[in-house]
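Below is one structure, written out as structure tokens; the observations come after it.
Just so you know, all these numbers are worked out from the coordinates, no wet-lab data involved. This structure is a prediction, so every number in the text was calculated from the model and none was measured. Cβ sites come from the backbone with ideal geometry, for glycine too, and all protein chains shown count toward neighbours.
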Amino acid sequence: MWLTSKIKQVLLVLKPGVVTLKYPFEPHPVPKNFRGQPVWDHHKCIGCGGCAAHCPARTILVRDLCQDLRVMMYDGSRCTYCGRCADVCPESAITMSEQYELATNDKNDITLSMELFMLTCQRCGRCYNREKTNMIDKMGLKGFRYDNLELRAVIQKATEHFDEKMLEESDRHQRPRKIGE
Amino acid sequence: MLTIEEVKNKLSNRFKSAIIHFDHPLRSRLFVDIDKARVREISNEIVRMGGRYLVSIGYDNIARDKTLGLIHTFSLDRDDLFVCLRSAVPAEDPVLDSITPDIPNAGWSEREYMDLLGMKFTGHPKPKRLILSDDWPEGIYPLRKEVPWNLMPPPAENVAYQLDECPEGCTVVPVGPFHPTLHEPAHFAVFVDGETIKGCDYRGFMVHRGIEKLCQTQVTYNEIPFIAERICGICGSVHATSYSQSVELASGLKISRRAEFIRTIMLEIERVHSHLLWLGVAGHLIGFDTVFMQAWRVRESIMWFSEKLTGNRKTYGMIVVGGVRRDITPELKDELAGVLKTIEKELMTIKNAIIGDTAIHRRTKGVGCITNEEARLWSLVGPVARARGIDIDVRRDHPYAAYDEVQFDVPVLDSCDVWATVVVRILETFESIKIIRQALDKMPDGPIMTEFAEDIQPLRHAISAVEAPRGEVVHYLITGEENRPERWRVRAPTYPNLQGVPLMLLNDQFADLPIIIGSIDPCFSCTDRVVKVDVGSGKAIRLTGRELEQISRAKLNAGR
């Protein structure tokens, strides 16, 4: 009984043979719908900030340096590759690429930053939906945002008109410290 | 069979004025507001009616009426009914009767709210710290609304958890926090007499990520499924589905039938791969690495299929509130059928190899025994309970998604040991394959997403349970303002099962400890999900590599 079961197990192992891939030495292709590193197409991006407002991991930051210049930064070090940004983008400017070999010593290797020139709406400064009543939604849609790019921190505030004071304040933003430090 | 009306009548006849209000938004959900003085009696009455304790939910209601709320939830499995007993205590004097003396499984839930909300329970048998780290300052209750989500108290030295008293004549063997057989941090202090285990104390909750607090303060309804999915690395869809269902129930949204079928298929795909993974791990724990290698080889084909369907091997990101994100195309449908065929064939070979192997029989039969009554008392769930003759399965008892349209058996064994859990899991994998086939056949056409017509009303309560590979997952949701939950409570299956482990270990051999702990398929990170905690306390003496080597050599030489 013992011996026959062991012989059977040997056959069980021999039949499939070696299945280990030679991966690092041979490339391993990924399927068509793979969710790899997201890539932005700066030609298509209109700077609406929808991706930043919907990112569950808060890895997309938006900072308005002045009335006409908006910086969008993607920090891949915390990205969960859920692909939500690509889903919500109204202009299909974001695609989930096939790139998955993203291990690195330097955060900047997986950081993407775009500077977008924004136009000013003659009527409202910058357009946003006035019908939204929910504060969180509104925050995402208001014209100007001030995330701190240096600390890669989301500042949960936005203003209707460009506010230099906010810009300065967010420049001095500090991460929460341990009590007593 | 009890109907919702009968339960209501029984409760109001017996307790009269102690029952303040009934609320039943659905035929299968009963919310009862009760007087706090009679919590214990009413809970016992529900258990007498056939109720099985699930979990307690504590929440901060200070801003509204200066109270802390506590909800005990029960499942009446034969009657497809969830009963939730809601009570409230004033925040200045939050004292309640403990239900733990009668329902031992409530012990952790109550200890959790002692830590997180500052509640007090009279008559609790073990009112020790459970969730918070040992150096967390007294008087800061992280789940109260006044405490900010990113609060970081300073670390303290010289504080350590006081383990239970070691029985006389026994020696303490520490297993963990980091141990090769555990894979995740958890500390078991095992009391042994020779080789026999005489007791054990558990100190876990070392990997809190503050998920519940985070989701109640920072993100919105639509983002939570992605965070919920990351509660567990193995059964992610389960949490996302359970959360999404609770939001849909609270808001009254009916999602499309096709989306429900796709959810069912995703859940069953997850069960197949999770059970194969567990089978491999179990083989590895008892030193049978052939099973480990082969089970994981077979599992790989379903992982690759998931990658094709969802874009990722794990953390599928498929399930969102209102439906699913990707559709199953006809080509993928055919491919899935092919994958299932190979898995079924290969799994049959592995099953025969396991059943014919005397070594596995010897290592698992008669190990980790607890009786049916004990398992019932401790409200164990999932394959662990089904291996002890408890016939429960949320898929059949409280049908959700598309489980009402598929036929399947629920394997139940009564040998009450680790061997039974192995067999139950293998049989369940075959059942899962059966379910996926039926779901693929019956799946109707239609949209995969349903949009919300209006905003979700605040302060609605909803409870949703989903059968995960390890047992049943319970999510309780109280909707809030500002597009995010007021309170969201997650109970992973390991939460009740782990409380039963000391009983399973009792009087077993120390060498069987890994497989007994392994037999519940423990997922410590799922269990430890509540509040941000900084770990790292107790005094540590740092040794350099050289010092350690010198001490080791000195000991080695002394032993010679």
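Between the C-alpha center of the range B:325-365 and that of the range B:236-284 there is a gap of 19 Å. Along the Cα-to-C-beta direction of residue B:337, a point sits 7 Å from the Cα; which residues of the range B:439-455 have their amide N less than 13 Å from that point? Residues B:439-443 qualify, since their backbone N sits under 13 Å from the label point.
Compute the longest continuous run of chain A that contains no exposed trypsin sites (Lys or Arg not before Pro); treat a site as exposed when its DSSP state is not H, G, I, E or B and it has at most 15 other Cβ atoms within 10 Å.
Values: sites that count: A:22, A:32, A:44, A:123, A:130, A:132, A:157, A:172, A:177, A:178.
The longest uninterrupted stretch comes out as A:45-122.
Averaging over every viewing direction, what projected area does the convex hull of the Cα atoms of the range A:32-159 cover, in nm²?
8.2 nm²
When both bridge partners sit in the range B:4-160, DSSP labels roughly 75% of those beta bridges antiparallel.
Computing FRET efficiency as 1/(1 + (r/R0)^6) for residue B:37 and residue B:481, where r is the C-beta to C-beta distance and R0 is 22 Å, gives about 0.10. Between rounded, prolate and oblate, where does the range A:22-102 land on the alpha carbon gyration tensor, with a ≥ b ≥ c its root eigenvalues, rounded for a/c under 1.5, else prolate if a/b exceeds b/c? Prolate, since a/c reaches 1.5 and a/b exceeds b/c. Extents of the range B:4-160, largest first, come to 56, 32, 25 Å (Cα atoms, principal axes, whole angstrom).
May I ask for the Kirkwood hydrodynamic radius of the protein assembly as shown, worked out over all distinct Cα pairs and given in angstroms to one decimal?
On the way: mean 1/r = 0.0358 Å⁻¹.
Radius from the Kirkwood sum: 28.0 Å.
Suppose the Debye formula is applied to equal point scatterers at every Cα of the range B:273-408; what is log10 I(q)/I(0) at q = 0.13, 0.15, 0.16, 0.18 Å⁻¹? Each listed q maps to, in turn, -0.81, -1.04, -1.14, -1.27.
Using a simple spin-label model with pseudo-atoms 7 Å out from Cα toward Cβ, residue A:150 and residue B:20 lie 5.2 nm apart.
Under the simplified labelling scheme, the residue B:44-residue B:144 pair shows an inter-label distance of 3.2 nm, with each label point 7 Å from Cα along Cα→Cβ. Relative to the dominant Cα principal axis of chain A, helix A:2-14 is inclined by about 50°.
What's the FRET efficiency of residue A:44 with residue A:118 using the Cβ-Cβ distance as r and R₀ = 25 Å, to the nearest 0.05?
On the way: r = 15 Å, r/R0 = 0.59.
According to the calculation, E is roughly 0.95.
What base-10 log of the normalised intensity I(q)/I(0) is obtained for chain B from the Debye formula, alpha carbons as equal point scatterers, at q = 0.06 Å⁻¹? Here log10 of I(q) over I(0) equals -0.30. Over the C-alpha atoms of the range B:211-519, the Rg to Rh ratio, Rh being the Kirkwood estimate, stands at 0.98.
Could you calculate the contour length gain from residue B:445 to residue B:157, that is, 0.36 nm times the residue separation minus the distance between their Cα atoms, to one decimal place in nm? Numbers along the way, then the final one.
Numbers: separation 288, 0.36 × 288 = 103.68 nm, distance 6.15 nm.
Going from the current span to full extension adds 97.5 nm.
Spin-label pair residue A:101-residue B:509: with each label point 7 Å from Cα along the Cα-Cβ axis, the two points sit 4.8 nm from one another.
Distance from the alpha carbon centroid of the range B:164-225 to that of the range B:481-511 works out to 10 angstrom.
Membrane-span-like helices of chain B, defined as complete DSSP H segments with a Cα extent of 15 Å or more along the helix axis and a mean Kyte hydropathy of at least 0.5, are identified as B:418-442. Rounded to the nearest 0.05, what FRET efficiency do residue B:374 and residue B:195 give with R0 = 30 Å and r taken as the Cβ-Cβ distance? Could you check? Calculated transfer efficiency: 0.85.
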